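Bear in mind that the values in this text are calculations on the coordinates, not laboratory data. Since this is a predicted model, take the numbers as computed values, not measurements. With ideal geometry, Cβ positions are generated from the backbone for all residues, glycine too; neighbour counts draw on all protein chains shown.
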Amino acid sequence: MSPLFSLRDQLLSTVLGSSEAVDLLLVALLGRGHALVTGPPGVGKTTLAHTLAESLSGSFRRVQFTPDLLPSDILGYNLYRQHNGEFDFIAGPVFANLLLADEINRASPRTQSSLLESMNERQVTIDGETRALPDPFLVVATQNDTSSTGTFPLPEPQLDRFLVSIPMGLPDDDTQLAILRHHADQTSFPEVPHILALEDLITLQQQVASLAVSDALQRYLLALCQAVRTTLGHDYAISTRATLALQRASQAAAVLEGKNAVHPDHVQRVFPHVLRHRLLSEETANLDLLLQSALDQTPVP
């Protein structure tokens, strides 16, 4: 079995009943994008992200976002050394292959926005000096439902920098029973082995980036995005970055299925998860119905 499918099996065995969430998280990983995992507290969002981090051979950092968190707590800062009159750079947790931004919407918008440069350009600029982040670099952010107490809405520009949003909710009764049985006799959590080396991950990411996308399929991508813009009534509802994200996520979904080209079903599979978080909730009462309508009315090549 390939390391990619072993990684998928390990994630599925850790968070039961989360097959869609696992696949979308792997789409983000393969597509060199970032993932926003949303849902109420206690449904396995952090556990899923933490298991992915432990399964990779690279460096991992976790930041618990709180209202008093500062940008320097994430990015780092320059520390003055009095004995030699020089400044030393103290790297923040963002300097890792995978950053888990836990409960990201509990931090202030100023602190949330400190990740914009990191997520888009994979670099950090502090006091006029720019430093590159490790490669690969992935942010997995968890977000409690916006109705939760003590949360702040994420700025639009930051939402647009997540490749996919991954909704998680309570599993069905049978799955909850399986979870209870699985944890009934566990006194400690087993150590998660490294499954996917960074070199192999980079190779898979390069494979995704070079996967063939036909002209007809690219026109289909554009038509889907335009259908959403038309329904909402303005052209800026979906950015160019969102269209590019839809293409990259479709490529990643195809590689995850072992295909050598992107097909319409790959696009349809990731379409709601690429666009949902980019649309403001006040623009429509039901985003899922809007996105499904765009899929239904757009001719499939």
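Observations
- The sum of -39500 (n - 2.57) across all DSSP H runs of n ≥ 4, divided by the residue count of the chain, sets its helix-only mean residue ellipticity at 222 nm to -13500 deg cm²/dmol.
- Estimated FRET transfer efficiency (D68, R122; beta-carbon r; R0 25 Å; 0.05): 0.40
- If you sort the three axes of the alpha carbon gyration tensor as a ≥ b ≥ c, you get a/c of 1.5 or more for the range 1-152 and a/b no higher than b/c, which makes it oblate.
- For the range 215-223, 3J(HN,Hα) per residue [Karplus equation, 6.51 cos²θ - 1.76 cosθ + 1.60, θ = phi - 60°, Hz, x = Gly/Pro]: 4, 4, 6, 5, 5, 5, 4, 5, 5
- Listed values for the range 170-175 are Karplus-derived 3J(HN,Hα) couplings in whole Hz (6.51 cos²θ - 1.76 cosθ + 1.60, θ = phi - 60°), namely 5, x, 6, 4, 5, 5, and x replaces Gly and Pro.
- Across the chain, the longest run free of exposed loop sites, meaning GluC sites (Glu not before Pro) lying outside DSSP classes H, G, I, E and B with no more than 16 other Cβ atoms within 10 Å, spans 1-190.
- Here the range 1-143 carries DSSP beta bridges of which approximately 45% are antiparallel, counting only pairs with both residues inside.
- Other residues lying with their Cβ under 12 Å from the Cβ of E117 contribute a combined charge of +2, Lys and Arg counting +1, Asp and Glu -1.
- Expressed to the nearest 5 percent, the antiparallel share of DSSP beta bridges inside the chain is 35 percent.
- Cα Rg, Dmax, the range 212-297, angstrom units: 12.6, 39
- Rounded to the nearest 20, the Cβ-based charge dipole of the chain about its Cα centre (Lys and Arg +1, Asp and Glu -1) stands at 420 debye.
- Exposure proxy ranking, count of Cβ atoms within 10 Å, fewest first, for T130, T231: T130, T231
- Amide H contacts under 5 Å for R62: L100, restricted to partners 5 or more places along the chain or on a different chain, H placed in the peptide plane at 1.01 Å from N.
- Stokes-Einstein D (µm²/s) once Rh is taken as the Kirkwood radius of the chain over alpha-carbon pairs, at 25 °C in 0.890 mPa s: 121
- Working note: Karplus 6.51/-1.76/1.60 with θ = phi - 60° gives the range 91-108 the couplings 5, x, x, 5, 7, 8, 6, 9, 10, 9, 8, 7, 6, 4, 7, 8, 8, 5 Hz, where Gly and Pro are set to x.
- Put simply, the amide H of G76, placed in the peptide plane, has neighbours under 5 Å in G92, leaving out anything fewer than 5 places away on its chain.
- Length gained when the stretch S214-L198 is fully extended (0.36 nm per residue, less Cα-Cα span): 2.8 nm
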